[in-house]
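The values are calculated or read from the model by the stated rules, or taken from the named source; none is laboratory data. Nothing here was measured: the structure is a model prediction, and the numbers come from that model. Because the Cβ atoms are built from the backbone with ideal geometry, glycine has one as well, and the counts that use them run over all protein chains shown.
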Amino acid sequence: MKKILFVLLSVSLFACQNTKREQTELEFGYQEKEIQPETYYSEDVIFTNEKENFKLAGTLTMPSREGTFAAVVLISGSGSQNRNEEIYGHKPFLVLADHLTRSGIAVLRFDDRGFGESEGYNPNVTTENFADDVEAAVNYLLSRNEIDKTKIGLIGHSEGGIIAPMLAAKSDDIAFIIMLAGSGIQGKDLLLMQTSLLAKASGIPDSTAKQSSLLNSQLYDLVCTVDDSKQREEKATEYISQYLSNIAPALKGNQTDEEISSKIIREINNPWIVYFLRYNPAIALEKVQCPVLAINGSKDLQVPSKVNLDAIKTALEKGGNKDFTVKEFEGLNHLFQECNTGSPMEYATIKQTFAPDVMNEISEWILNRVK
């Protein structure tokens with residue numbers, strides 16, 4: 001997920017060393033070093049977002065140059081990322097694409113718009129715009145003779161797990177979707193949970209975290225109920241002023257109250273944040289009729305597992321979906337690494353990029369539905 005609205009909390013999360021014996025004996029990023037590109041066909045590709053007329057760059061891998069294959073599009077989480085979803089020294093989409101391709105499934109992964117080799121930079125984009133980019137990727141796969149047009153699926157991570165059902169709800173071209181740490185609850189509720197869990201994990205005092213949570217709740221409700229940005233700004237200024245009068249000066253750092261207030265207001269008026277806070281993924285999930293696999297890790301602090309998996313299950317049942325699997329993996333974080341705490345500051349200390357059990361679950365589930 002994007003940078004969270006941790007109001008005034010300059011969180012210093014201390015990196016936690018992973019003490020699992022099997023990981024301390026392995027080199028950091030060892031899975032990337034085990035990639036076997038020589039065993040399959042790989043091609044750098046360019047395709048077009050026709051709605052906005054710009055080029056997106058990616059990599060298509062296929063089990064071989066000849067044949068017809070089921071295929072997936074990998075959809076990254078929020079923030080600008082390259083086709084490997086590179087983060088904290090890891091390349092989870094590179095590792096996943098390699099696993100899936102060697103399992104017999106074609107994979108298209110691409111640089112986010114305005115990042116890497118892709119065009120289309122726009123500071124005012126929302127999740128809906130990113131969904132258009134994924135739709136362009138699906139259209140590209142439909143144009144390839146090597147791809148079975150009836151067996152194209154989507155695998156979305158985090159925000160990508162929101163985008164996948166958005167498209168599946170309206171497109172007959174999507175044969176199945178996989179949600180990796182995807183959300184099933186409204187954005188404002190998700191971010192309130194997220195900030196609370198991260199505050200606790202980072203050792204923020206309860207009283208301080210509660211003050212910040214109250215302000216966040218006020219601001220999120222404001223964004224969700226007031227359309228006019230000027231009106232939002234006026235009311236937000238009132239909330240922020242009250243908050244600043246009640247917190248310790250040390251929490252403000254070297255910033256003035258005016259600087260802090262302006263920064264927060266810019267954030268809540270950001271189009272991405274406005275859309276995300278208001279969006280409820282359950283509405284799209286109720287319309288999804290293709291097979292769905294929803295997976296999360298029990299130690300995910302960014303998209304809490306139980307509440308989101310339960311919400312996804314409820315929405316799919318309500319919509320009458322007949323083929324879905326909802327599964328929690330014990331001990332995994334938001335990036336699907338085996339971990340100790342689940343804290344984002346632990347991500348970069350973990351040698352593992354992507355838990356093999358999850359990748360096996362993904363490939364086996366797909367193959368059972370495209371055979």
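Considering only region 67-78, I want to know if a residue exists there that is of a type outside the set (Gly, Ala, Ser), at pLDDT 95 or above and either loosely packed, with under 15 Cβ neighbours inside 10 Å or over 25 Å from GLY104 (Cβ atoms) (or both). Yes, some residue in region 67-78 is of a type outside the set (Gly, Ala, Ser), at pLDDT 95 or above and either loosely packed, with under 15 Cβ neighbours inside 10 Å or over 25 Å from GLY104 (Cβ atoms) (or both). Among the residues of this structure, SER343 does not count as one that is farther than 29 Å from ALA70 by Cα and in contact with a strand residue (DSSP E or B) (Cβ under 8 Å, 6 or more places away or on another chain). Looking at ILE362, is it buried (at least 19 other Cβ atoms within 10 Å of the Cβ) and within 27 Å of GLU34 (Cα to Cα)? For ILE362, the condition - buried (at least 19 other Cβ atoms within 10 Å of the Cβ) and within 27 Å of GLU34 (Cα to Cα) - is met. Of all residues in region 249-275, those that are in the same structural domain as THR225 (by TED's automatic domain parsing) and surrounded by 15 or more Cβ atoms within 10 Å (Cβ to Cβ) have Cβ atoms under 6 Å from Cβ atoms of residues that are assigned to a helix (DSSP H, G or I) and modelled with pLDDT under 90, 6 or more apart or on another chain, in ASN269/SER229. When region 139-184 is filtered for residues that are β-branched (Val, Ile, Thr) and crowded, with 20+ Cβ neighbours inside 10 Å, the ones remaining, listed by number, are ILE147, ILE152, ILE155, ILE162, ILE163, ILE174, ILE177, ILE178. I'd like to check something: does region 317-327 contain any residue that is part of a helix (DSSP H, G or I) and surrounded by fewer than 22 Cβ atoms within 10 Å (Cβ to Cβ)? Yes - at least one qualifying residue is present in region 317-327. Given the criteria modelled with pLDDT of 95 or more, in the same structural domain as GLU32 (by TED's automatic domain parsing), touching a Lys or Arg at 6+ places or on another chain (Cβ under 8 Å) and on the phi < 0 side of the Ramachandran plot, does VAL107 qualify? It is false that VAL107 is modelled with pLDDT of 95 or more, in the same structural domain as GLU32 (by TED's automatic domain parsing), touching a Lys or Arg at 6+ places or on another chain (Cβ under 8 Å) and on the phi < 0 side of the Ramachandran plot. Assessment of region 295-310 against the conditions (within 22 Å of VAL107 (Cβ to Cβ) and either surrounded by fewer than 21 Cβ atoms within 10 Å (Cβ to Cβ) or modelled with pLDDT under 95 (or both)) yields no matching residue. When ILE260, ILE265, ILE177 are checked against the criterion of being modelled with pLDDT of 95 or more, among the β-branched types (Val, Ile, Thr) and under 27 Å from LEU301 (Cα atoms), ILE177 stands alone in meeting it. For region 38-54, what are the residues that are out of contact with any Ser or Thr (no Cβ under 6 Å at 6 or more places or on another chain) and either surrounded by 14 or more Cβ atoms within 10 Å (Cβ to Cβ) or among the hydroxyl-bearing types (Ser, Thr, Tyr) (or both)? Once the filter is applied, which keeps residues that are out of contact with any Ser or Thr (no Cβ under 6 Å at 6 or more places or on another chain) and either surrounded by 14 or more Cβ atoms within 10 Å (Cβ to Cβ) or among the hydroxyl-bearing types (Ser, Thr, Tyr) (or both), region 38-54 yields THR39, VAL45, PHE47, THR48, ASN49, GLU52, PHE54. For region 311-335, the set of residues classified as in contact with a strand residue (DSSP E or B) (Cβ under 6 Å, 6 or more places away or on another chain) and either modelled with pLDDT under 95 or over 15 Å from ASP189 (Cβ atoms) (or both) consists of LYS313, LEU316, PHE324, THR325, VAL326, LYS327, GLU328, PHE329, GLY331, LEU332, ASN333, listed by residue number. Residues that are free of Cβ contacts under 8 Å to residues at least 40 places away in the same chain, buried (at least 20 other Cβ atoms within 10 Å of the Cβ) and part of a loop (DSSP other than H, G, I, E, B) within region 84-118 comprise ASN84, ASP112, listed in sequence order. All of (1) part of a helix (DSSP H, G or I); (2) surrounded by fewer than 22 Cβ atoms within 10 Å (Cβ to Cβ) hold for TYR121 with one exception: (1). For region 131-169, filtering for residues that are among the charged types (D, E, K, R) and assigned to a helix (DSSP H, G or I) leaves 4.
Would you be able to say whether some residue in region 360-367 is in a loop (DSSP other than H, G, I, E, B) and at negative phi? No, there is no match, as no residue in region 360-367 is in a loop (DSSP other than H, G, I, E, B) and at negative phi. You will find that of ASP221, ASP227, the residue that is part of a helix (DSSP H, G or I), of a type outside the set (A, V, I, L, M) and more than 25 Å from SER76 (Cβ to Cβ) is ASP221 and no other. Test ILE174 against the stated conditions and say whether it is more than 22 Å from ALA57 (Cβ to Cβ) and either in a loop (DSSP other than H, G, I, E, B) or without any contact (Cβ under 8 Å) to a residue 12 or more places away in the chain (or both). Yes; evaluated as a whole, the condition is true for this residue.
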